[in-house]
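Heads up: the structure comes next, in C-alpha cells.
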Amino acid sequence: MNRWDIINALIQKNSYKHYLEIGVQNPISNFDKITCQNKVGVEPKLKDWFRGTKPSFIGTSDEYFESIKDTDIKFDIVFIDGLHHDDQVLKDIENSLKHLKRGGVIMCHDCLPNNEREQERDDHGGVWMGDVWKAIALLRMTRSDLQIDVVNTDCGCGLIKKKKSKTYDFDVNNEEWKTYEFYTKNKKDLMNVISVKELETKYLNG
C-alpha cells in the first residue's frame, strides 16, 4: 500500500474536503495522485525536472504557515514530506496541528528507515529518509494528547490524530533514545508500528 493509497482511503472514508501537502517536490510522485476537492501544495523550489501540477505556494513550510497564521484556514488531512530533519518535521507537525480540523489527520512520510545510512541527517543521494523517526519518537514519549501510529509500508507512514493516547514509557532526558541502536531494538513499541491490515481495521473500517 503506497502513501497515496492511504491518503485517498482516509479522504474517501471520512469525506475529507481539504488537503495540504508539505514538500511536493515532484507532483506526479504523490500530489497529482490525491483525489480531494481542495488541494494545497507547498514546495520551496521548483526543480529543473519539475512535472505536473504547480504547487499552490512556492516557499518553505515555515513561510507558508506564517502566511496563514492569522487566518481560519483549516485542513482535514496534511501530508508532511518536506525537509527530513527531525526539528523541521516537529515544526511542521506543530504548525499543522494548529490548522487541523476536528477529526482530521496528519501523515508523515519516511518514518521507518531500514538501516543507519538511510537515517543520516545529510542527504547523501541514495535512499534517504533523514531522522524523521526522531520527531515521531519524541512525540510518542511526550504527547499524551496525540494518537500516533506508523504504518509499516512505503518507508513508514506516520499517522497523527488529536486523541488521548498512552505515551511510550522512557525518560526523554536520557538521550539514548536518539541513537539508531535504540530505534532498532525498540522500533515496534517506540514508533507504535502497525501493519496495513491493522491500519484498515483501526482507520478505514466501520
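Overall dimensions of the stretch 62-117, expressed as equivalent-ellipsoid semi-axes from the Cα gyration tensor (√(5λ), whole Å, largest first), are 24, 13, 7. Ranked for footprinting exposure by Cβ neighbours inside 10 Å, fewest first, Ser165, Ser96 give Ser165, Ser96.
Taking every DSSP beta bridge that has both ends in the stretch 3-204, the antiparallel portion is near 35%. Put in line by how crowded their Cβ is, counting other Cβ atoms within 10 Å and starting with the fewest, Asp123, Asp154 read Asp123, Asp154. Computed per residue of the chain from DSSP H runs no shorter than four, each worth -39500 (n - 2.57), the mean residue ellipticity at 222 nm is -8500 deg cm²/dmol. Between amide H atoms placed 1.01 Å from N, distances below 5 Å from Val40 occur with Tyr19, Leu20, Glu21, all of them 5 or more places distant or on a separate chain. With R₀ fixed at 25 Å, the C-beta to C-beta distance from Asn2 to Lys69 puts the FRET efficiency at about 0.20. Rounded to 0.05, the FRET efficiency of the Lys161 and Lys45 pair, given R0 = 41 Å and the Cβ-Cβ distance, is 0.85.
Shown for Phe79, Phe57: other C-beta atoms within 10 Å of each C-beta, ranked fewest to most, produce the order Phe57, Phe79.
Please pull out the direction-averaged projected area of the stretch 3-204, using the convex hull of its alpha-carbon atoms, in nm² to one decimal place.
The directionally averaged projection comes out at 11.0 nm².
Derived scalar couplings between HN and Hα for the stretch 136-153 equal 5, 4, 4, 5, 4, 8, 10, 10, 6, 8, 10, 8, 10, 10, 10, 7, 7, 7 Hz in order, rounded to whole Hz, by the Karplus curve 6.51 cos²θ - 1.76 cosθ + 1.60 (θ = phi - 60°), x for Gly and Pro. Take the Cα of Asp62, step 7 Å toward its Cβ, do the same at Glu94, and the gap between the two points is 1.2 nm.
FYI, it's all coordinate maths here, none of it is from the lab. The structure displayed is predicted, hence computed values, not measured ones. Ideal geometry is used to build each Cβ from the backbone, glycine not excepted, and the neighbour counts take in all protein chains shown.
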